[in-house]
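Taking it in order: structure first as structure tokens, then the write-up.
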Amino acid sequence: MPNTKTKVAFKGTPEQEAELKKFIAEIKHEKGATMPILQKAQEIYGYLPEEVQVIIAEETGIPLTEIYGIATFYAQFALNPKGETQISVCLGTACYVKGSGDVLQKVVDTIGCEAGSITSDGKFSIDATRCIGACGLAPVMTVNGEVYGRMTPAMVPEILKQYME
Amino acid sequence: MNFARAHIMVCGGTGCTSSKSPEIAAEFRKQLEAAGLADEVKVVQTGCFGLCALGPIVVVYPEGSFYSMVTIDDVKEIVDEHLVKGRPVERLLYHEGADHHGTVHSSLNDTDFYRKQKRIALRNCGRINPENIDEYIAFDGYKALEKVLKTMQPQEVIDVVKASGLRGRGGAGFPTGNKWQFAANEKNDVKYVCCNADEGDPGAFMDRSVLEGDPHSVIEAMAIAGYAAGAHEGYVYVRAEYPIAVHRLNIAIEQAREYGMLGKNIFGTGFDFDIIVRLGAGAFVCGEETALMTSIEGHRGEPRPRPPFPAVKGLFGQPTLENNVETFANITWIINNGPEAFAAMGTERSKGTKVFALGGKITNTGLVEIPMGTTLREVVEEIGGGVPNGKKFKAAQTGGPSGGCLPASLIDTPLDYESMAAVGSIVGSGGLIVMDEDNCMVDIAKFFLEFTVDESCGKCAPCRIGTRRMLEILNKITSGNGTLEDIDRLEELCEHVKANSLCGLGQTAPNPVLSTLKHFRDEYVAHVVDKKCPAGVCKDLLNYSIDPEKCKGCTACARACPVGAITGTVKEPHTIDTSKCIKCGTCISKCRFGAITKG
């Protein structure tokens with residue numbers, strides 16, 4: 001999945017930075033605090049751009065290379081921002097054998113950007129996710145956290161239309 | 001305490017929550033209030049009932065009436081009819097059989113789905129409110145911990161676990177008692193207990209269900225393990241993708257601390273134990289025990305060579321006892337009911353029960369807990385309700401990306417560690433995906449390999465490079481460019497990756513390929529020699545055509561085709577230009593006469 005350095009300008013605020021620094025100060029002496037710090041940073045900013053990684057490196061004393069290494073290792077950490085509307089199609093086994101691959105393709109065709117990327121206007125991003133655990137509803141798609149179950153490719157345009165206005 | 005005359009249990013598992021069960025529970029409270037029954041009837045949000053295919057699920061006690069696929073609009077009818085007038089709403093009760101049109105059962109336990117099950121690890125799921133420690137205590141909760149701390153020596157606890165025959169439920173099936181013994185044998189002041197809740201196998205969700213439906217059973221078992229091994233601190237490493245499980249686990253830990261079941265001087269015995277929750281961040285390899293510990297320590301979750309084993313040198317370099325969620329969920333039952341009762345279930349070497357996550361082409365998708373040794377046929381045909389839409393059972397894939405498949409000819413295989421290993425598959429974490437004749441086995445092997453290639457951490461070359469080369473060969477085969485030598489080369493490569501990878505991820509990554517090669521070699525050969533995909537899945541090998549006999553010339557397909565590949569005159573048979581066709585399948589879904597075929 002593409003997780004390269006983002007081209008989108010960083011728009012972090014001093015409030016966000018203060019919140020992150022406060023959290024780091026509270027937790028940095030605990031054993032194995034790096035992951036919770038990165039998770040908190042992503043919660044605050046929505047993603048982990050270089051600017052945020054630098055703050056974490058400076059505040060914790062952990063080399064930036066190591067922070068970058070961790071941020072790129074885990075699928076959950078994003079170096080790119082997410083779209084205003086986030087679409088995810090589950091590609092877990094239960095969904096896959098019931099045709100979620102075709103659903104994803106339909107989403108990609110409808111929105112016009114690849115899975116794992118964001119449209120140039122920043123409005124939509126598409127992700128192929130691992131099992132979200134709603135296997136009884138397979139195949140499953142989520143849009144901004146709203147779950148759509150028992151999907152067929154034919155249902156995709158109808159559902160996405162309401163997010164396009 | 002208020003005694004209610006009836007209880008409405010609304011499933012609060014992830015599946016049912018996705019289909020709006022919290023809103024349904026709220027509506028029940030509203031309607032009960034309106035009917036003046038708010039004091040008499042209690043609404044409880046429980047953990048998962050297991051029959052996820054039919055969610056949202058609502059069960060009304062004392063009758064045990066089992067309502068499925070309830071919508072918000074149905075709530076008023078259930079309250080008015082069932083709770084006011086005492087007449088269960090037949091229309092909404094669970095109907096058994098294919099496509100859910102068969103026998104109606106008024107009670108949960110009479111259904112085929114539940115009758116053959118034996119719920120040990122899932123005993124409280126669907127029975128209690130997981131966010132209320134009092135309900136857990138009412139069902140013998142924390143009794144085992146008290147018994148252990150007050151009346152047993154650590155070695156006695158280990159001996160009980162050994163006698164039960166319990167083996168690790170995370171996949172490898174290592175005897176749990178031995179693992180506890182190794183950790184207890186280490187002489188060290190600091191030791192850890194670690195709970196592996198990084199359930200990454202796509203299609204397995206029993207650990208999530210336990211944490212969502214009965215988090216205290218894991219907390220209690222971890223404290224018992226701590227006492228047995230001499231540890232005072234526990235870590236639960238849980239997937240961040242499971243927000244409901246994380247939320248309920250945190251609530252449960254908080255309540256356990258309040259009640260003195262965690263913290264200092266538990267039950268006044270001088271034993272201290274506490275638990276810290278750490279979230280994963282979406283890396284499958286972290287389900288491997290050494291990688292999990294590396295991740296908790298705050299690094300890239302790469303595995304470490306064993307030995308030293310975690311029991312000797314684990315988390316933060318200290319001796320660590322690590323078990324999976326489902327393994328822990330069995331512990332208190334074993335202490336309370338005795339190891340003999342547990343060992344009485346299952347087979348000679350695979351004791352107790354195992355939870356399987358049934359998914360794919362099966363009527364009753366969901367979680368089932370069965371005694372080890374139950375046959376695949378019983379699970380698929382009786383508990384699972386068979387393959388829907390009149391299709392034939394083709395194979396069951398078990399153990400996810402580390403496992404293999406059982407073809408229809410092996411449907412009488414008992415589901416236990418030894419029998420499954422003998423036919424080239426594994427029990428694994430318990431994912432069980434059913435496939436019908438429309439699934440291509442080469443495509444399934446490719447699906448799992450894409451997963452492992454994506455999730456390989458990259459530390460060792462056999463896994464990092466080997467799995468990628470394997471995937472390239474599979475892509476070559478499914479695109480119609482494969483040769484028979486490719487199949488041999490693929491098989492050879494599988495053996496090398498299996499033998500030389502550092503951790504379980506790489507060592508088991510070839511399994512889906514090897515087992516499909518073993519049982520469905522003819523499908524591989526069909527892709528290579530005939531350039532055909534018998535199941536009609538691999539797009540590069542498909543050609544769509546219109547049967548002129550059946551085509552009425554309605555133009556529905558031509559209008560729907562996104563690339564204008566279909567032409568024809570109205571009321572005359574149409575044709576498909578295969579050079580333009582992108583094989584999207586839209587035409588098939590639009591045709592009302594079954595005139596379009598792929599093959």
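The values are calculated or read from the model by the stated rules, or taken from the named source; none is laboratory data. Treat the numbers as computed from the prediction; the structure is a model and nothing was measured. Note that we place each Cβ from the backbone using ideal geometry, even for glycine, and neighbour counts take in every protein chain shown.
So how many residues does the range B:264-287 have that are within 14 Å of chain A (Cβ to nearest Cβ) and either under 27 Å from the mean Cα position of the chain (by Cα) or hydroxyl-bearing (S, T, Y) (or both)?
12
Out of A:E50, A:E84, I need the residue that is in contact with a strand residue (DSSP E or B) (Cβ under 9 Å, 6 or more places away or on another chain), touching a residue at least 12 places away in the same chain (Cβ under 8 Å) and surrounded by fewer than 16 Cβ atoms within 10 Å (Cβ to Cβ). Which one? First the steps, then the outcome.
Values: A:E50 fails: in contact with a strand residue (DSSP E or B) (Cβ under 9 Å, 6 or more places away or on another chain).
Unique residue meeting the criteria: A:E84.
Could you check the range B:390-422 and list, in sequence order, the residues that are crowded, with 17+ Cβ neighbours inside 10 Å, assigned to a loop (DSSP other than H, G, I, E, B) and more than 14 Å from every other protein chain (Cβ to nearest Cβ)?
Passing the criteria: B:I411, B:T413, B:L415, B:D416.
I'm trying to understand the selection: among the residues of the range B:580-599, which are part of a helix (DSSP H, G or I) and touching a strand residue (DSSP E or B) at 6+ places or on another chain (Cβ under 7 Å)? Lay out the reasoning, then the answer.
Our first condition is that a residue be part of a helix (DSSP H, G or I); within the range B:580-599, this holds for B:586-590.
Once the filter is applied, which keeps residues that are part of a helix (DSSP H, G or I) and touching a strand residue (DSSP E or B) at 6+ places or on another chain (Cβ under 7 Å), the range B:580-599 yields B:C587, B:I588.
Please find, within the range A:121-149, the residue that is farthest from B:A560 (Cα to Cα) out of those that are more than 10 Å from chain B (Cβ to nearest Cβ) and more than 15 Å from the chain's Cα centre (by Cα).
Only one residue tops the list, namely A:D121.
Could you tell me whether B:K354 is over 30 Å from B:D436 (Cα atoms) and either in the same structural domain as B:L415 (by TED's automatic domain parsing) or out of contact with any His (no Cβ under 8 Å at 6 or more places or on another chain) (or both)?
In short, no.
Per-residue answers, yes or no, for (1) closer than 23 Å to B:K118 by Cβ; (2) in contact (Cβ under 8 Å) with a residue 24 or more places away in the chain; (3) part of a strand (DSSP E or B):
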{"site": "B:A4", "(1), (2), (3)": "no, yes, no"}
{"site": "B:G36", "(1), (2), (3)": "no, no, no"}
{"site": "B:D39", "(1), (2), (3)": "no, yes, no"}
{"site": "B:V44", "(1), (2), (3)": "no, yes, yes"}
{"site": "B:P56", "(1), (2), (3)": "no, yes, no"}
{"site": "B:E77", "(1), (2), (3)": "no, no, no"}
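Do any helices (runs of 4 or more DSSP H) entirely within the range A:1-88 hold 2 or more residues that are within 14 Å of chain B (Cβ to nearest Cβ) and more than 26 Å from A:R130 (Cα to Cα), and if so, which? First the steps, then the outcome.
Details: elements: A:14-27, A:34-45, A:50-60, A:64-73.
Filter on the range A:1-88 gives A:14-27, A:50-60.
Has the range B:23-43 got any residue that is within 22 Å of B:I128 (Cα to Cα), of a type outside the set (F, W, Y) and within 13 Å of chain A (Cβ to nearest Cβ)?
Yes; the residues of the range B:23-43 include at least one that is within 22 Å of B:I128 (Cα to Cα), of a type outside the set (F, W, Y) and within 13 Å of chain A (Cβ to nearest Cβ).
What residue, of B:K498, B:K446, is assigned to a helix (DSSP H, G or I) and within 14 Å of chain A (Cβ to nearest Cβ)?
After applying the criteria, what remains is B:K446.
Answer yes if at least one residue in the range B:531-545 is out of contact with any helix residue (DSSP H, G or I) (no Cβ under 6 Å at 6 or more places or on another chain), without any contact (Cβ under 8 Å) to a residue 40 or more places away in the chain and not hydrophobic (A, V, I, L, M, F, W, C), and no otherwise.
Scanning the range B:531-545 turns up no residue that is out of contact with any helix residue (DSSP H, G or I) (no Cβ under 6 Å at 6 or more places or on another chain), without any contact (Cβ under 8 Å) to a residue 40 or more places away in the chain and not hydrophobic (A, V, I, L, M, F, W, C).
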